[in-house]
Amino acid sequence: LEVFEGQSFEGLQSLHKDILAQMEEGEDPEYWDALEKRCKVELARATLSRIHADKLQARLTQIEDNKRQEERERLEAKLRSKIEQDKK
């Protein structure tokens, strides 16, 4: 449904509250019930999208940290090698 397109998580939460308020008024309960179920699905999708984005960001940070550590170890090994050569 177009009403859900482009909605942020917070927008969907607000829309869900509005739908629940309409359901309490009792007019056209089948329509509002169907809309509420669809809104729950969209909220779940938005939640999964957030979780996925957080996991990707954490993984990217981990990869960057690993690269920095590998570079540090490489430079330390190079420095030790240079020091050993200078001792000879």
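The values are calculated or read from the model by the stated rules, or taken from the named source; none is laboratory data. All values reported here derive from a predicted model rather than from experimental measurement. Positions of Cβ are backbone-derived with ideal geometry, glycine not excepted, and every protein chain shown enters the neighbour counts. Side chains are part of the model used for accessible areas, which takes the heavy atoms of the whole protein and leaves out ligands, DNA and RNA. Shrake-Rupley method; radii C 1.70, N 1.55, O 1.52, S 1.80 Å.
Of all the residues that make up region 45-66, how many are more than 22 Å from Glu10 (Cβ to Cβ), open to solvent by less than 80 Å² (accessible area, probe 1.4 Å) and under 12 Å from the mean Cα position of the chain (by Cα)?
Total satisfying the criteria: 1.
Please determine, by comparing only the residues of region 18-44 that are in contact with a helix residue (DSSP H, G or I) (Cβ under 9 Å, 6 or more places away or on another chain) and of a type in the set (Lys, Arg), which one is most open to solvent (accessible area, probe 1.4 Å).
Lys40
If you check His16 against the conditions, is it in contact with a Cys (Cβ under 8 Å, 6 or more places away or on another chain) and in a helix (DSSP H, G or I)?
Yes: the conditions hold for His16.
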